[in-house]
Every structure is written in C-alpha cells, then in structure tokens.
1. If you take the charge dipole of the chain about its Cα centre, with +1 on Lys and Arg Cβ and -1 on Asp and Glu Cβ, which of Leu126, Ala263, Leu244 is farthest toward its positive end?
2. Return the long-range amide H neighbours of Gly44 (sequence gap of 5 or more, or a different chain), with a cut-off of under 5 Å between placed amide H atoms.
3. Of Glu66, Glu56, Glu172, Glu154, which has the most accessible area with a 1.4 Å probe, and how do the rest follow in descending order?
4. Around Glu172, what is the net charge, scoring Lys/Arg as +1 and Asp/Glu as -1 over all other residues with Cβ under 13 Å from its Cβ?
5. Which residue, Thr45, Thr114, Thr104, has the most motion in a Gaussian network model of the chain that connects Cα atoms within less than 10 Å?
6. Can you give the accessible area of Arg39, probe radius 1.4 Å, in Å² rounded to 10?
7. Can you compute 3J(HN,Hα) from phi for each residue in the range 111-123, using the Karplus curve 6.51 cos²θ - 1.76 cosθ + 1.60 with θ = phi - 60°, rounded to whole Hz and x for Gly and Pro?
8. Tell me, what is the per residue accessible area of the range 156-264 in Å², probe radius 1.4 Å?
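The values are calculated or read from the model by the stated rules, or taken from the named source; none is laboratory data. This is a predicted model, so every value here is computed, not measured. Note: ideal-geometry Cβ built from the backbone for every residue, glycine included; neighbour counts use all protein chains shown. The protein model used for the area step is the full one, side chains on, heavy atoms only, and it has no ligands, DNA or RNA in it. Shrake-Rupley method; radii C 1.70, N 1.55, O 1.52, S 1.80 Å.
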Amino acid sequence: MRSVRRLLAASAVLALAAGLTACSGSDGGSASVGPAPSRPDVKGTVTVFAAASLKESFTELGKRFEAAYPGTTVTFDFGGSSALARNIVSGAPADVFAAASPATMKTVTDAKLTGGDPTVFARNTLEIAVPKGNPKHIAGLKDLKGVKTALCAEEVPCGAAAATALAAAGVELTPATYEQDVKGALTKVELGEVDASLVYQTDVKADSAKIEGVNFPEAAQAVNDYRIVHLAKAPNANGAAAFLGYLGSADARRVLTDAGFQAP
C-alpha cells in the first residue's frame, strides 16, 4: 500500500509540474493541458487546507474537480497559512496543504508530514485596499501614516509580506489592528473600521464591488510564492494525488489567472 501511495504521489507531482511548465513556458505562450481523466479509484472526500486568499479560486476549482471525478467531494479549511500548518502538525486530518509562503510550508516539511516535495503553483502580490472612491486619497505606502490601517499579523504570509514592503519603503507603521488572515484585514475596510489594509491583489479583485486597490512599487519586493503538497498521512491518498494533478491543468490555470494570481 505504501509503495502504491508513493507512486500516486510521484505521478501527481509530475503532472502538476508538467502542467505549470506548459502554462508558463519561456515563449510566453500557454499549452492546452486538460484535466486528468476520471478514474474509478478516485472517490470520497478530499480535504484541502488552503490559505485564506485562495478561498474564491479554490472553491471554484473544487466544484470543477468534483465534476471531473464523480463520486468525490472536496472540503476546504481556509485560514491563515501559519495556523493551518500548526493544525497539521498537531494531527488535524487533511489530504492536501496549500500555503501562501515558503515559511509556512516549511513548518509542515520540517515535521516530515509531506508525501513529496511542495510545488509552487501560483504567485501573489500585495495591494493597498481602500473603500470605493479612495476617500483618503492614498497613493502609496507613505500615505498610510496617519490613517487607520489593518495589517495581517506578521506570522502569517500576508503580514510577513507587508513587513517586507513597508521596510523597503522606509515606512514605520503602527496599525489599528493585526488580523490572523488576509480576509480579516480586508473585512476591516469593508466595515469602515479602518481606512486601508494591505492585502493581496486577488482579494481586492474578489471584492471589487466594495473595495478598490492601490498599487505601490515596493510590492515587487514582497511577492509570495504559493506552494502545494499532498500530506504523508492523507486519509484519501488517491484523491490528494488527483487534486494535485488537476491543479496542473489548463482549466485550473485559467481559474487562478482569472482570480488575479500570477503563474510561477
């Protein structure tokens, strides 16, 4: 059984790597890589622990995966990557872990709980989220001084990226609140509790009816690589392998790109 699981895991990683390479080749074009064919051994519940910023895109991918693999159900636990990693180390049952930074993934790899090497499948960049109309006329990080700002806690990926960007801009900021994931920081702006927050471009795009984003040059120095891996103790090893394989398809790449993620 262990050898079968290792074979499935290796196949999944190869499929993901091949798909991502095809979608981001050196000529800038994209190849048509279809989802993995339906297999009778892929069934049951696939449990995915994923960074909060992946909520919209992964929810859509879960629906498409279920359509491609009848008899499967994908359940998600979205949250701050650091908290999810701690839960996995503490024994929470999951099949797949998708983290928003290398540091949070390292928590799981250091505990030797991964069934293979994590693979980068997407990248994300920070923006300043402000209410529609940008009433405080914020144009860059320096304009955050003196206005109520929400940041992610520094132990989570969006907070670590924010700290890097602020240091690059030479801005020292005392936020009104630290949030445990990026959705929490964005919600503070939605509710009018703060004037701005540092979140990902994908989060601004997902909430464009209420929020607008302000680009700033220092964001280029704080781009987050998203990594995914199947877990060594995955209750549904076949489902985990199939989900990683599907994530390398052209269909999955389109969903991620439409959400605002960048190719690795």
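1. Selected residue: Leu244.
2. Excluding prolines and chain starts, which carry no amide H, the hits are Thr72, Thr73.
3. From most exposed to least exposed: Glu172, Glu154, Glu56, Glu66.
4. For residues surrounding Glu172, the net value is +2.
5. Between Thr45, Thr114, Thr104, it is Thr45 that shows the largest mean-square fluctuation.
6. Counting only protein heavy atoms, Arg39 exposes about 80 Å² to solvent.
7. Values per residue, Gly and Pro as x: 7, 6, 10, 9, x, x, 7, x, 10, 6, 10, 6, 10 Hz.
8. Value for the range 156-264: 37 Å² per residue.
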